[in-house]
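*Asks:* Sharing a structure here in structure tokens format.
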Amino acid sequence: MNSTPGVLGRRSFLRTASVVALATAGGGLLAACNSAVGDKQTGGGDNATPVRGGTLTIGTTSDVVPGNFFTNTSGAVLIIGLVYESLIRYPHDTVQPAPLLAKSWTLAPDGKSLTLELRDDVTFHSGRPFTAADAEFSLRTYADPKWSGQLKSTAAAISGYDSGNPHRLVLQFEHPLGNIFDLLDTVPIIDKESFDAFATGDKYVGTGPFQLTERTPNTRFVFDRNPHYWVPERPYLDRVEAQIVGDSQAQLNALKSGRILAADNLNYRDNENIGRTAGFKSVNYDGAELQLYVGANVGNPVLADVRLRQAVAYALDRDRVVSEVQRGAGYAINLPWPKTSPAFDQTRNTRYTRDLAKAKALVAQVGSVPKLPLTYSTVSPINQATAQIVQANLAEIGIETTLDPQENATFVKNLIGANFPALWVTDHSWAQFVPSTLTVSAYPFNARKNASHFDSPAYVAAADAAWQVTDGTGAQAVQAYQAVSDQLLENLFLIEISVRFQQVATAAKLHGLSWTKRRETLYTEAFLA
């Protein structure tokens, strides 16, 4: 079994939990892996002794937008990591589920039902006990299209619920769901009794280690220790104060001055330098990779010609992006899958290498190409630097572009609404999960409705076949993922650049950070020493 870094409580308690939580998958066992905290702690590898108490002040990029809560964007990532928990949690290095609010589970041999045994010692911050009805409410809410949850198609495929036993939830599925544990890892368990205030952004009540006690919009959040947290003696910290500091340079200055002890929006060069500076460190969020890419609106008459998209794929200097922008914290790709994914295939991953002669020949076949807007979000300096390299690469082959920077909320709205006029540069997530999640869920990749206006029965069929398997990591699934990869390579409505690692820069005295696969930072084990 693999260990789950920095998830739960005391080692002895969780080792017991990992033995109990075995889940039957078909005829075999899904390992609910050992969740011992501290066995692999970020920043905790220095053998620092945990210290109780203290206030941690951090810098974060933006406030939470209630309507985007289930999209894991904006300040929702911060709040989910501190306030909420899910039914299961993946380790960093696998997609084999480990227990969290669900302590064990049994998947039916036909893959069409799942029985989850829930913890009976968990309460919401309000003091109300957590029950199966809350898990059902959370999953049903996530499935509501108005929340734009990226895994809503998987949530909608749950055809029946049985929450009559307060500590057992039985789910029925329309068909096997190879990515069902992705959903259970992703959906935060919300308090149904305060949902009206949740929906307006006035109150966030969860079961997690911290509770939100103060919020000044667009300025700061204050989270106090949950004194009734179900994991004994956790968290160590008394308080986490998050200051909204959207500018990268401002975060760097605040970190250096000691005004904050962690910064989540530095560029790679500054993270690299901080990592070499006494009193500070830089941390890679391993297992929570992002992928930089160029998106193409195939509804644009010029980009409707796949030859022009192929030209872009051959023109991109992926190694330069990895070297100059990411400072080596990543690697070049043609397909979205990180190296730990069951869909990773090195041969397919190197189909488009930089070849300006091929790219120019393809542009010549297409004919005259008008100047195209190249849109990117200003939330991170990484996007701007990458967009500038892409612009230069395309100019080399005769494709002129105009850089179109957008404030992040506008950019996200345009991504979800498929409103980009031509090309855009950003990163995507979800490829670090079970691969089928990407093609039935993520806005850029969704086979039925995506940001590129790409519509293909063959792509839909490949995505569905990969999704509707019993075991999302088995041989049948891997074969289905190869068919998905071939569709992505042939159609190129998204053109991958690189895998990149999310990084956080911290003061050296901060220990024990961890994270989810969605890059929600976990402070359950964090301490100052």
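*Asks:* PRO301 versus (1) more than 19 Å from LEU78 (Cα to Cα); (2) within 23 Å of the chain's Cα centre (by Cα); (3) surrounded by fewer than 16 Cβ atoms within 10 Å (Cβ to Cβ): which is the lone unmet condition?
*Replies:* (2)
*Asks:* Let me ask another. Anything in the stretch 470-488 that is out of contact with any Leu (no Cβ under 7 Å at 6 or more places or on another chain), modelled with pLDDT of 95 or more and open to solvent by less than 10 Å² (accessible area, probe 1.4 Å)? List them, or say none.
*Replies:* The answer is ALA477, TYR481, VAL484.
*Asks:* With the condition kept exactly as written, say whether any residue in the stretch 338-356 is buried (at least 18 other Cβ atoms within 10 Å of the Cβ) and closer than 24 Å to PRO381 by Cα.
*Replies:* Checked against the condition, which is being buried (at least 18 other Cβ atoms within 10 Å of the Cβ) and closer than 24 Å to PRO381 by Cα, the stretch 338-356 yields at least one hit.
*Asks:* Taking PRO421, is it in a loop (DSSP other than H, G, I, E, B) and modelled with pLDDT of 95 or more?
*Replies:* It is true that PRO421 is in a loop (DSSP other than H, G, I, E, B) and modelled with pLDDT of 95 or more.
*Asks:* Let me ask something additional. Given the conditions (1) free of Cβ contacts under 8 Å to residues at least 60 places away in the same chain; (2) touching a strand residue (DSSP E or B) at 6+ places or on another chain (Cβ under 8 Å); (3) among the small types (Gly, Ala, Ser), and given that ALA296 satisfies all but one, which numbered condition is not satisfied?
*Replies:* Condition (1) is where ALA296 drops out.
*Asks:* Starting from residues that are in contact with an Asp or Glu (Cβ under 8 Å, 6 or more places away or on another chain) and in a loop (DSSP other than H, G, I, E, B), keep the ones in the stretch 275-296 and report whichever is most open to solvent (accessible area, probe 1.4 Å).
*Replies:* Only one residue tops the list, namely ASP286.
*Asks:* Continuing with this model, one more query. Looking at the stretch 251-270, which of the residues that are of a type in the set (D, E, K, R) and outside any loop (DSSP other than H, G, I, E, B) is least open to solvent (accessible area, probe 1.4 Å)?
*Replies:* The residue in question is ASP270.
*Asks:* Considering the stretch 175-203 alone, what residues qualify as being modelled with pLDDT under 95, open to solvent by 10 Å² or more (accessible area, probe 1.4 Å) and either aromatic (Phe, Trp, Tyr) or under 28 Å from PRO97 (Cα atoms) (or both)?
*Replies:* LYS192, PHE195 - these are the residues of the stretch 175-203 that are modelled with pLDDT under 95, open to solvent by 10 Å² or more (accessible area, probe 1.4 Å) and either aromatic (Phe, Trp, Tyr) or under 28 Å from PRO97 (Cα atoms) (or both).
*Asks:* Looking only at residues in the stretch 118-143 that are open to solvent by 60 Å² or more (accessible area, probe 1.4 Å) and without any contact (Cβ under 8 Å) to a residue 40 or more places away in the chain, which one is farthest from the chain's Cα centre (by Cα)?
*Replies:* PRO129
*Asks:* Can you find a residue that is assigned to a loop (DSSP other than H, G, I, E, B), modelled with pLDDT of 95 or more and of a type in the set (A, V, I, L, M) anywhere in the stretch 204-216?
*Replies:* Yes, because at least one residue in the stretch 204-216 is assigned to a loop (DSSP other than H, G, I, E, B), modelled with pLDDT of 95 or more and of a type in the set (A, V, I, L, M).
*Asks:* Another one. Working only within the stretch 217-250, note down all residues that are crowded, with 16+ Cβ neighbours inside 10 Å, modelled with pLDDT of 95 or more and part of a loop (DSSP other than H, G, I, E, B).
*Replies:* Hits for the stretch 217-250 are ASN226, TYR229, TRP230, VAL231, ARG234, PRO235, TYR236, LEU237.
*Asks:* Which one of these does SER514 not meet: (1) touching a Gly at 6+ places or on another chain (Cβ under 6 Å); (2) small (Gly, Ala, Ser); (3) outside any loop (DSSP other than H, G, I, E, B); (4) over 23 Å from ASP270 (Cβ atoms)?
*Replies:* Tallying (1) touching a Gly at 6+ places or on another chain (Cβ under 6 Å); (2) small (Gly, Ala, Ser); (3) outside any loop (DSSP other than H, G, I, E, B); (4) over 23 Å from ASP270 (Cβ atoms), SER514 fails exactly one: (4).
*Asks:* Now for a separate question. Tell me, which residue of the stretch 62-91 that is open to solvent by 20 Å² or more (accessible area, probe 1.4 Å) and in a loop (DSSP other than H, G, I, E, B) is modelled with the lowest pLDDT?
*Replies:* If we take residues in the stretch 62-91 being open to solvent by 20 Å² or more (accessible area, probe 1.4 Å) and in a loop (DSSP other than H, G, I, E, B), then SER74 is modelled with the lowest pLDDT.
*Asks:* When you look at VAL504, is it more than 30 Å from ARG259 (Cα to Cα), of a type in the set (Val, Ile, Thr) and either part of a loop (DSSP other than H, G, I, E, B) or in contact (Cβ under 8 Å) with a residue 24 or more places away in the chain (or both), yes or no?
*Replies:* When the stated conditions are applied, VAL504 does not pass them.
*Asks:* If you don't mind, there's one more thing I want to ask. Can you run down the residue pairs with Cβ atoms below 7 Å, 6 or more apart or on separate chains, where the first is in the stretch 148-168 and under 25 Å from GLN468 (Cα atoms) and the partner is acidic (Asp, Glu) and open to solvent by 60 Å² or more (accessible area, probe 1.4 Å)?
*Replies:* Taking only residues 6 or more apart or on different chains, the pairs are ALA157/GLU174; SER159/GLU174.
*Asks:* Evaluate the following for GLY398: is it over 20 Å from the mean Cα position of the chain (by Cα) and open to solvent by less than 30 Å² (accessible area, probe 1.4 Å)?
*Replies:* In short, no.
*Asks:* Separate question: I'd like to verify a number: residues in the stretch 498-519 that are over 11 Å from the mean Cα position of the chain (by Cα), closer than 19 Å to SER380 by Cβ and open to solvent by less than 20 Å² (accessible area, probe 1.4 Å), how many?
*Replies:* 6
*Asks:* Checking the condition crowded, with 16+ Cβ neighbours inside 10 Å, in contact with a helix residue (DSSP H, G or I) (Cβ under 8 Å, 6 or more places away or on another chain), outside any helix (DSSP H, G or I) and modelled with pLDDT under 50, which residue from GLY38, GLY44, GLY59, GLY9 passes?
*Replies:* Being crowded, with 16+ Cβ neighbours inside 10 Å, in contact with a helix residue (DSSP H, G or I) (Cβ under 8 Å, 6 or more places away or on another chain), outside any helix (DSSP H, G or I) and modelled with pLDDT under 50 holds for just one of GLY38, GLY44, GLY59, GLY9, which is GLY38.
The values are calculated or read from the model by the stated rules, or taken from the named source; none is laboratory data. Here the structure is a predicted model, which is why all the values come from computation and not from measurement. Here the Cβ is made from the backbone with ideal geometry for all residues, glycine too, and neighbour counts use every protein chain on show. These accessible areas exclude ligands, DNA and RNA; they are computed on the full protein's heavy atoms, side chains included. Shrake-Rupley method; radii C 1.70, N 1.55, O 1.52, S 1.80 Å.
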